[in-house]
Amino acid sequence: MATDKYYVPESSPWPLTASIGLCMTAVGGAHFIQQSTMADMEPSFTGKPLFFLGLAWLLVVVALWWRDTIKESVTGLHSNQLGGSYRQGMLWFIFSEVMFFAAFFGAMFYTRWLIIPWLGGEGSNAMTHELLWPNFQPMWPLTETPGGTTTTPMGAWGLPAINTAILLVSSITLTIAHHALLEGKRGTLILFQAATVALGMIFLGLQALEYVHAYDMGLTLDAGIYGSLFFLLTGFHGAHVTIGTIFLLITLIRVIKGHFSEDNCFAWEAGAWYWHFVDVVWLFLFVTVYWL
Amino acid sequence: MSTAAATHDDHHDHHHAPTGLKRWLFSTNHKDIGTLYLWFSFAMFLVGGFMAMVIRAELLEPGMQFVDPEFFNQMTTVHGLVMVFGAVMPATVGLANWMIPLMIGAPDMALPRMNNWSFWILPFAFGILIFAVLMSAFGAGNPSAPNFGWTFYAPLSTKYGPASTDLFILSVHMMGISSIMGAINVVVTVFNMRAPGMTMMKMPLFVWTWLITAFLLIAVIPVLAGVVTMMLTDRHFGTSFFDAAGGGDPVLFQHVFWFFGHPEVYIMILPSFGIVSAIIPAFARKPLFGYASMVYATASIALLSFVVWAHHMFTVGMPLAGTLFFMYMTMLISVPTGVKVFNWVATMWRGSMTFELPMKWAIAFVVLFTCGGLSGLMLAITPVDFQYHDTYFVVAHFHYVLVTGAIFSIFAAAYYWLPKWSGVMPSKLLGELHFWNSLISANLLFFPMHFVGLAGMPRRYADYALQFADYNFWISIGGFWFGLSQVIFLVVAVRCAMKKGEPAPAKPWEGAEGLEWEVPSPAPFHTFDTPPVIK
């Protein structure tokens, strides 16, 4: 790091253009969802095409934006204080992600501990049970909904257990890579980071298999609250693994290009923190969604 | 252009201010972005205010006059959303942008480009929402805008929501992205950018309250994102989060929503606490009474805000233990809030008081916010809430804390810092007119709502029983009067922006304290390039 001065960038076109991309993605996304799930909606340009156009737009802008940031980093404009801003910012971003998952975990516990027993008549809800669905049996996983939809729960000790092992190992390989980065061992770093990316991809492949299997055995998104929670929790986790894998892949490329040194490696560490966060979320998922 | 940044050297990176459209569209300057936020929020205040005028016009007399009930529902819904997310929140973010770096001696916000992104998402997000309203008013077939109340309870917003609900969901996601990035920027700026010697317990209270506000934002906006995502999947992908037939529960929506929604209330009011804590000492010419207790009280309010959410849901039904817990926790909040009000009053006690415009607004804030706080205490009592729930008493309560509370303090801040922003003093005559007209009309507008509420008039209806006609007439008169009074502020602000008025010295207020008064007025484009040392 060559400077002590806090770097305030020149004016930049990327925030505004990124907002335009985000707006296209949002408007396109809303219409795309409507047009693909509602019978009375005709496909139009403001649906699928706009959504993908917005997404591509956003991707290009973000790439250009980060290209600027990377240039600033490698030309030594970043002070240690700026590195601190980036690191703290990333940690708070991860905290916001934790709270996003907390909403879904909270919904799951509320369902398991309160909604299901109440629908079964617990507490002061005898009449709820009697008048709404007298034949409803409270249970978790909820294999038969009050409305009568049946489903099969996903066991913990097949693919999910293998996936748990994969993510745990990936955390270890990434930590080895981190130590290698700090000690300047490029070969070890590249090898173990590549292994981490590979493990991430294997995880995603197995999760896709698991979803196919789930749909085959009748565990679907519309199979009641168990399916809703199962797919939303594991799905958002999977989306985060995807982002984490891409993140690690990009920092791997940057490692190969020689962008990082032991005292200038914020982006690398941000990717690593993100990966560990995704791992911890999975452990909670494995215990509460699959196991207990 | 940012691509040129790489070729710059240390010595001349940013000593020329960009000009023209580029200055505003591509800004990385906390002052310009703060200005953008403030103008945007005032525009939204006028848009949301116009919707309030439609509501009050319809309620001027009993019976249906101007709009149909369906459109009335859209007005109450979008009025609330625009005011909460478009007017109050961006206004306080604008103040944070302008003032926090100046107050802590930082060269800018910690992450200037992200700062600009936080802002530019907002016009698009609100463009989407307002487009839905315009389509409803003028579009072919008048497709309904969101019509389920600003709290968008399921199943009104899921099973029965209009098609525009999906656009609404995505626009809430966008606002959320903007808020989270803005909040991260504030937290990082405060933790990482303070000038040497500016310890945490030396920070101006406005910085403290915003730090805690930003923490609340990062903690609860993702929960809002979660709940609208569940809405979206319930609407289109067959999930059953809010559908009891599938094993879910519409009440789950309310729990998740209010887990966001109650801290959100403090997100809107905590910065106001910081503003009046800056203004009252300045015009009482005494240091703030109980600075440390103010910090701890703010933190206590923030922490308690996570465990009071179900007081919005007493009539929905909850186990007795839950009801009692949420009732007592809610009442507990009055303790740190009381500490604050006591401290403001104690600051004024035996002060050398003068009553310039910012002080007038600040004192009005203390009195009228306390009024709203007391009606809040009444609403906290569960059996009493059974009576008050969803009546105009609730409307009176939250408009006292949000209009005569949050918005009055934002005006106080504007009159206090406009000299620093623009370099000219805001017009005294227009300011006095704005203040007195707003003060009287706001009370005419909101105070009688207590009475009609206690007498049983429900909120969110386009019509009412004849017995409420007299009060509603005067409430509407107060509403139009308050709405028109805000046009005066538009003139005040435009005059300042055009540099019309008496030139302001670096420190226009005799008793004002803080680093922001050490720099000239208007504040130069870049300030504190090298951090000042605070002793």
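The values are calculated or read from the model by the stated rules, or taken from the named source; none is laboratory data. No experiment lies behind these values; they were computed from the predicted model shown. All Cβ positions, even for glycine, are placed from backbone atoms using ideal geometry, and neighbour counts span all protein chains on display.
Summary of computed values
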item: Test: residue in region A:51-63 that is touching a residue at least 40 places away in the same chain (Cβ under 8 Å) and in contact with a strand residue (DSSP E or B) (Cβ under 9 Å, 6 or more places away or on another chain); result: no
item: Residue match in region B:397-408 (condition: small (G, A, S) and farther than 21 Å from B:A43 by Cβ); result: yes
item: Condition check for A:S19: free of Cβ contacts under 8 Å to residues at least 12 places away in the same chain, buried (at least 22 other Cβ atoms within 10 Å of the Cβ) and at the interface with chain B (Cβ under 7 Å from one of its Cβ atoms); result: yes
item: Residue match in region B:165-172 (condition: surrounded by fewer than 24 Cβ atoms within 10 Å (Cβ to Cβ), facing chain A (nearest Cβ under 9 Å) and without any contact (Cβ under 8 Å) to a residue 40 or more places away in the chain); result: yes
item: Residues that are in a helix (DSSP H, G or I) and either hydroxyl-bearing (S, T, Y) or within 9 Å of chain B (Cβ to nearest Cβ) (or both), drawn from region A:125-134; result: A:T128, A:L132
item: Hits in region A:22-59 - residues which are among the acidic types (D, E) and more than 10 Å from chain B (Cβ to nearest Cβ); result: A:E42
item: Residues located in region B:481-504, provided they are touching a residue at least 24 places away in the same chain (Cβ under 8 Å) and part of a loop (DSSP other than H, G, I, E, B); result: B:K499, B:K500, B:G501, B:E502, B:A504
item: Qualifying positions in region B:23-34 - part of a helix (DSSP H, G or I) and within 14 Å of chain A (Cβ to nearest Cβ); result: B:R23, B:W24, B:L25, B:H30, B:K31, B:D32, B:I33
item: Test: residue in region B:303-311 that is touching a helix residue (DSSP H, G or I) at 6+ places or on another chain (Cβ under 9 Å), under 30 Å from B:P508 (Cα atoms) and assigned to a loop (DSSP other than H, G, I, E, B); result: no
item: Qualifying residue in region B:267-276 (condition: more than 25 Å from the chain's Cα centre (by Cα) and either among the polar types (S, T, N, Q) or more than 9 Å from chain A (Cβ to nearest Cβ) (or both)); result: no
item: Within region A:76-91, tally of residues that are touching a residue at least 12 places away in the same chain (Cβ under 8 Å) and more than 24 Å from the chain's Cα centre (by Cα); result: 8
item: Residue in region B:431-454 that is surrounded by 15 or more Cβ atoms within 10 Å (Cβ to Cβ) and either among the basic types (K, R) or free of Cβ contacts under 8 Å to residues at least 12 places away in the same chain (or both) present; result: no
item: Residue check, B:F273 among the aromatic types (F, W, Y), out of contact with any Pro (no Cβ under 8 Å at 6 or more places or on another chain) and closer than 20 Å to B:W210 by Cα; result: yes
item: Selection within region B:413-472 - over 21 Å from B:V403 (Cα atoms) and among the small types (G, A, S); result: B:S422, B:G423, B:S427, B:A455, B:G456, B:A462, B:A465, B:A469
item: Pairs with Cβ under 6 Å, 6+ apart, first in region B:468-480 and farther than 9 Å from B:L60 by Cα, second of a type in the set (S, T, Y); result: B:G478/B:S441
item: Some residue of region B:338-353 being more than 19 Å from B:E264 (Cα to Cα), in a helix (DSSP H, G or I), among the small types (G, A, S) and over 25 Å from the mean Cα position of the chain (by Cα); result: yes
item: Test set (1) at the interface with chain B (Cβ under 8 Å from one of its Cβ atoms); (2) within 29 Å of A:V278 (Cβ to Cβ); (3) surrounded by fewer than 18 Cβ atoms within 10 Å (Cβ to Cβ) - A:T75 fails condition number; result: (2)
item: Filtered residues of region B:418-475 (kept if touching a Lys or Arg at 6+ places or on another chain (Cβ under 7 Å) and part of a loop (DSSP other than H, G, I, E, B)); result: B:G423, B:S427
item: Selection count where residues are over 27 Å from B:H262 (Cα atoms) and within 9 Å of another protein chain (Cβ to nearest Cβ), scope region B:194-242; result: 3
item: Residue under evaluation B:V133, criteria (1) away from chain A (no Cβ under 14 Å); (2) under 18 Å from the mean Cα position of the chain (by Cα), criterion not met; result: (2)
item: Single residue of B:F289, B:F283 found to be out of contact with any Lys or Arg (no Cβ under 6 Å at 6 or more places or on another chain) and crowded, with 21+ Cβ neighbours inside 10 Å; result: B:F283
item: Filter result for A:L168 (of a type in the set (A, V, I, L, M), closer than 18 Å to A:F231 by Cα and assigned by TED's automatic domain parsing to the domain that holds A:L249); result: no
item: Some residue of region A:268-291 being closer than 15 Å to A:V197 by Cβ, surrounded by fewer than 21 Cβ atoms within 10 Å (Cβ to Cβ), at pLDDT 95 or above and hydrophobic (A, V, I, L, M, F, W, C); result: no
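Here's the yes/no breakdown for (1) within 25 Å of the chain's Cα centre (by Cα); (2) within 14 Å of chain B (Cβ to nearest Cβ):
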site: A:F93; (1), (2): yes, yes
site: A:S96; (1), (2): yes, yes
site: A:G123; (1), (2): no, yes
site: A:Q137; (1), (2): no, yes
site: A:P153; (1), (2): yes, yes
site: A:T164; (1), (2): yes, no
site: A:S171; (1), (2): yes, no
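Condition check ((1) surrounded by fewer than 21 Cβ atoms within 10 Å (Cβ to Cβ); (2) not small (G, A, S)) across all residues:
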{"site": "A:L221", "(1), (2)": "yes, yes"}
{"site": "A:Y226", "(1), (2)": "no, yes"}
{"site": "A:F231", "(1), (2)": "no, yes"}
{"site": "A:G235", "(1), (2)": "yes, no"}
{"site": "A:H240", "(1), (2)": "yes, yes"}
{"site": "A:I243", "(1), (2)": "yes, yes"}
{"site": "A:L248", "(1), (2)": "no, yes"}
{"site": "A:N264", "(1), (2)": "yes, yes"}
